[in-house]
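> Please see the structure below; I have some questions.
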Amino acid sequence: MTLPVVAIVGRPNVGKSSLFNCLAKRRIAIVDPTSGVTRDRVVSPVSWRDTTFDLTDTGGMGVEDVDNLTDDIERQIRIGMEQAHVLIFLVDARAGLTPLDQRVAEKLRTLNKPVILVANKCDVPEVDQQSVEFYRLGFGDPICVSAQHARNRDKLLDMIQSMVPIAPAPPDPVLKLAIVGRRNTGKSTFINALAGQERVIVSEVAGTTRDSIDVRFEKDGMALLAIDTAGVRKRRSVKEDIEFYSLARAQRSIRRADVVLLFLEPRMRISRVDKQLAEYVLELSKPAVFVINKWDLVKNRITMDQMGEYVRKVFPSLTHVPVAFITAKSGKNVPMLVDLSRNLHKQASHRVTTPELNRVIQDALARNPPPMRRGKNPRVYFATQASTNPPTLVLFCNGKSLFDPPYLRYIEKAIRDNLSFADVAMNLVVQGKNQKGVAKKEAVEAEEAEATRVHPRHRAPRKDSSEPAKGSKPAAGRKPRPRQNPETWDL
C-alpha cells in the first residue's frame, strides 16, 4: 500500500533531521552540526489522528559534500521532492532569511505542490517575531516550531493532516532484514536491488551511507522491511561523532531485525570488524546469513566450497549459519537470498511439541550416554521449549554441572538434525533439579559452576590459524614467510 509522502526540504543546518525525529517521535536520522550529514532519503511512517503518511528527511540543498557526492545528494533531494504530496520548507528563525533560502524557494515554486513554511529554532514565543521576514518567500505565514523541544509539533501535524489524503497505517512487515558489514561490501547496491530503484546512494567512497535507512518492499504479496546500515569500522578508527552515531545505529538495526545479513567482500580477508559483528549477532542469538557479495568478480579464481570452508574456519562457533553467494549489482540470487531469510525467520519462530523434543533428547542420550561426573550418571528428566525467536529449550536434569560443554554441543546437534532448527541460533538452558539424595551443598556448587561456565557459543572465535600471532618469530631453521597485506589475500 502506497502512503502519501511528506518531504522536509531546506538548506543545510536548519534542523531538518531534528524535525524529522521530532515528528516521528524516534531518534532515526543522525543529528549533528556538521553540514551534509544527511545524504540519503530517510523515510519513516508517521501516524496522526486518522491518517498515516511517509515522512522523508532529505539532504541540505546547496551543500558541498566533502567526498564529492554533491550531485548524488541533489539527485536524492530531487527524487524526494518529486514523490512528495506535501513539502515542508524548513528555515532557521534565528539565522534569518539567507540567499540560499531564496534559492530553495525558487525550486519549490517550480514544482507546483503544497508547501508548508516552517520556522525552526523558535524555542520560546519571543523568537517568533524574528520569523516575520520569511513572509517575503511567498508561502504564507510560517509555523514557528522548536524541533528540539517539540514546540508546536501538534499544530504542524494538524496542518499536514489537512493537506494529505486519509490513509490507514500500513501492515507491519512480516520480516525485517538488517544489512550489516564493513564498508564497500555492496550493502546499498543490494538495497537498491530489493527496492527496484535508486533508493540509496551507491559510491566507491567508503562510508557513503551514514544513517540506518528503512526500505519497505513486497515479495509474493507480503510486506518486508530492509534496513541499510552504515559500514562499520574498527573502534579505534571511529574519530568523528558522525561515525560513532552510524556504528550505534548499525547495532540498533541488528537488535530490531528478525534476520541479519552479514555482507563479506570475497576479495578481502575476513577482518576483526567482521568478527565483532558476528559476535554481536551471536550474542543476540539472531538468525543470520553470511552473504558473499560481488561473487562475479572472483568466481573464476575460487570455488564456492573453498570460500565456504574459509568462512567456517574463521567462524567455528557459527557453523549453523548458511552462506549465500550473490551479485547485488546484477540482482543475481537476490530473490533466493530473500527466500532463505524468510525460511530462517520461520525456523526461529517454530515451536516444537514437548513430546517430540523429549523423544529426540532421549534418543540422543540412549545412543551416546553422557559420562559419569562426581560418581553420578547425568540424567535429563524433562525438556520443553520456553520461547521462540530465538528458540529457547530448557532441560531439567539432576545437576547442571553434570553435563559438560562437549556433551551439550552433542545434544544441540541432535536437536538440529531432527527438529526444525537446523540453521538458526538456539539457547540451550540446563536447569538443575533437587532430587532425593542430592545434598543441598552439591546443588549450590552446581549453580556456582554453571554461573562461571562460558558456553562455547559465547566464546570469542579462534584466531585464523593462517595468521601468525602478533610478535611471534619463525621456527629455527625455517625461512620467514613474506609479509602479506592483512586486508587482502591471494586468490
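The values are calculated or read from the model by the stated rules, or taken from the named source; none is laboratory data. Note that the structure is a prediction, hence the values are computed from the model and not measured. Counting neighbours? That spans all protein chains shown, and the Cβs are built from the backbone with ideal geometry, glycine included.
> Looking at the stretch 271-313, which of its residues are acidic (D, E) and either under 14 Å from the mean Cα position of the chain (by Cα) or surrounded by 16 or more Cβ atoms within 10 Å (Cβ to Cβ) (or both)? Spell out the reasoning first.
As a first pass, look at the stretch 271-313 and keep what is acidic (D, E): 274, 279, 283, 296, 305, 309.
Of everything in the stretch 271-313, those that are acidic (D, E) and either under 14 Å from the mean Cα position of the chain (by Cα) or surrounded by 16 or more Cβ atoms within 10 Å (Cβ to Cβ) (or both) turn out to be D274, E279.
> Mind checking whether some residue in the stretch 126-144 is in contact (Cβ under 8 Å) with a residue 60 or more places away in the chain and out of contact with any helix residue (DSSP H, G or I) (no Cβ under 6 Å at 6 or more places or on another chain)?
no
> Another question about this same structure. Go through (1) part of a strand (DSSP E or B); (2) hydrophobic (A, V, I, L, M, F, W, C); (3) under 20 Å from F53 (Cβ atoms) and name the single condition M163 misses.
Looking at each condition in turn, M163 falls short on (1).
> Checking A95 against (1) closer than 19 Å to W48 by Cα; (2) in a loop (DSSP other than H, G, I, E, B); (3) not hydroxyl-bearing (S, T, Y): exactly one of these is not met. Which one?
(1)
> Of the residues that make up the stretch 224-236, is at least one at pLDDT 65 or above, out of contact with any strand residue (DSSP E or B) (no Cβ under 6 Å at 6 or more places or on another chain) and either closer than 19 Å to L284 by Cα or part of a strand (DSSP E or B) (or both)?
no
> Follow-up question, since we're still on this one. Name the single residue that is modelled with the lowest pLDDT among those in the stretch 108-127 being surrounded by 15 or more Cβ atoms within 10 Å (Cβ to Cβ) and assigned to a helix (DSSP H, G or I).
V127
> Identify all residues within the stretch 4-36 that are surrounded by fewer than 22 Cβ atoms within 10 Å (Cβ to Cβ) and at pLDDT below 90; write none if there are none.
Scanning the stretch 4-36 gives P12, N13, R26, R27, I28, V31, D32, P33, T34, S35, G36.
> Checking the conditions here, which among R373, R359, R379 is assigned by TED's automatic domain parsing to the domain that holds L428, of a type in the set (K, R) and at pLDDT 95 or above?
R359
> Quick one: which of V438, V454 is β-branched (V, I, T), modelled with pLDDT under 85, surrounded by 13 or more Cβ atoms within 10 Å (Cβ to Cβ) and not assigned by TED's automatic domain parsing to the domain that holds P316?
Among V438, V454, only V438 is β-branched (V, I, T), modelled with pLDDT under 85, surrounded by 13 or more Cβ atoms within 10 Å (Cβ to Cβ) and not assigned by TED's automatic domain parsing to the domain that holds P316.
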